[in-house]
Amino acid sequence: MLPVDRLAGQVAWVACCGGMALLPDLDHESSTAARMWGPLSRLLAGLVVRIGQGHRGATHDVVVAPVVLGGAAYLASFHRWAAMVVLALAIGLALRACHFVIPGEYEKSWPINLLASAAGAWWLVDNGAATHAQWLPYAVAVGVLVHIVGDSLTEGSVPIPFSWLDGKPNRMGKGPLTTGRWYEHLIASGLLIASAFLLYLHIPQIKEIVDTSAEAIVTTLAGLG
């Protein structure tokens, strides 16, 4: 649906949507997002907590959060280095979120996450993924909105729009789910598999690599047989 057809652009879109789906949790200083880059992300989280009136405040407002954060990304899309920062943030969050499927513990070490995020953002920008990227604010807004919708399905729910301004947000009705339960991992794994399959279907470069690798493996196995 979007004019994003090159490999770099597609990867940037997926990484940005996926990573930014954790962005609202910067309103909690012990969250996964706040631990992403050690003291740097904790400092950012501290600022967000104060501005957003605590956990599940402004960053979980279904009206305010997508518009404000998407708008910030829109402004960033006009400047190469600003766009790189947004993409690095998205990649870092995505890596931190996917730690349960990445072998080893290295992605949990914030200096390595920071370096990997910066390198990934530089590669994407250098390959034209964020040059006047009209899609960047939409990716941020979609990711944030996905997070808010997900939290609205939990018992803690999310605030009624603008009710957090006085520091005492009124919550929407309780959802049927509880965070930290076994079905979170089941849902996440299913969505990860679906994402990988869709990337395979819609990005020719990835499809070519997978098909060539699979053909080589089959040929090797046939030779051994």
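May I ask you to verify whether ALA76 is modelled with pLDDT of 90 or more and assigned by TED's automatic domain parsing to the domain that holds LEU165? Considered against the rule, which asks whether it is modelled with pLDDT of 90 or more and assigned by TED's automatic domain parsing to the domain that holds LEU165, ALA76 comes out as no.
Given the options VAL101, VAL210, VAL144, VAL125, name the one that is modelled with pLDDT of 85 or more and assigned by TED's automatic domain parsing to the domain that holds VAL68.
The conditions single out VAL144.
ARG56 falls short on exactly one of the conditions (1) assigned to a helix (DSSP H, G or I); (2) buried (at least 18 other Cβ atoms within 10 Å of the Cβ); (3) over 15 Å from the mean Cα position of the chain (by Cα), and that condition is (1).
Here is a check on your reading of the model: is ALA12 buried (at least 22 other Cβ atoms within 10 Å of the Cβ), under 13 Å from the mean Cα position of the chain (by Cα) and at pLDDT below 85? Considered against the rule, which asks whether it is buried (at least 22 other Cβ atoms within 10 Å of the Cβ), under 13 Å from the mean Cα position of the chain (by Cα) and at pLDDT below 85, ALA12 comes out as yes. The C-beta contact set for the range 189-207 (first residue in contact (Cβ under 8 Å) with a residue 60 or more places away in the chain, second residue of a type in the set (Ser, Thr, Tyr), distance under 8 angstrom, 6+ apart or interchain) comprises ILE206/TYR200. Looking only at residues in the range 104-122 that are of a type in the set (S, T, N, Q) and either part of a helix (DSSP H, G or I) or not assigned by TED's automatic domain parsing to the domain that holds MET36 (or both), the one that is modelled with the lowest pLDDT is ASN113. Counting only residues that are crowded, with 17+ Cβ neighbours inside 10 Å, among the hydrophobic types (A, V, I, L, M, F, W, C) and either touching a Leu at 6+ places or on another chain (Cβ under 7 Å) or in a helix (DSSP H, G or I) (or both), the range 147-173 holds 2 of them. VAL62 - would you say it is over 24 Å from ALA188 (Cα atoms) and either assigned by TED's automatic domain parsing to the domain that holds VAL85 or in contact with a Pro (Cβ under 6 Å, 6 or more places away or on another chain) (or both)? No, not satisfied.
For the range 33-85, a residue qualifies if it is under 30 Å from ASN127 (Cβ atoms) and among the basic types (Lys, Arg), and the qualifying residues are ARG35, ARG80.
Annotation note: of GLY167, GLY223, the sole residue that is outside the structural domain of ALA97 (by TED's automatic domain parsing), over 26 Å from the mean Cα position of the chain (by Cα) and more than 28 Å from LEU95 (Cβ to Cβ) is GLY223. Filtered by the rule that a residue be under 19 Å from ALA8 (Cβ atoms) and small (Gly, Ala, Ser), the range 109-124 gives ALA116, SER117, ALA118, ALA119, GLY120, ALA121. Is it the case, given these coordinates, that ILE112 is within 20 Å of PHE162 (Cβ to Cβ) and without any contact (Cβ under 8 Å) to a residue 12 or more places away in the chain? No; evaluated as a whole, the condition is false for this residue.
Is it true that some residue in the range 182-193 is in a helix (DSSP H, G or I), small (Gly, Ala, Ser) and exposed (fewer than 12 other Cβ atoms within 10 Å of the Cβ)? Checked the range 182-193: at least one residue is in a helix (DSSP H, G or I), small (Gly, Ala, Ser) and exposed (fewer than 12 other Cβ atoms within 10 Å of the Cβ).
The values are calculated or read from the model by the stated rules, or taken from the named source; none is laboratory data. Just so you know, these numbers come straight off a predicted model, no measurement behind them. Quick reminder, even Gly has a Cβ in these numbers, built from the backbone with ideal geometry, and neighbours come from all protein chains shown.
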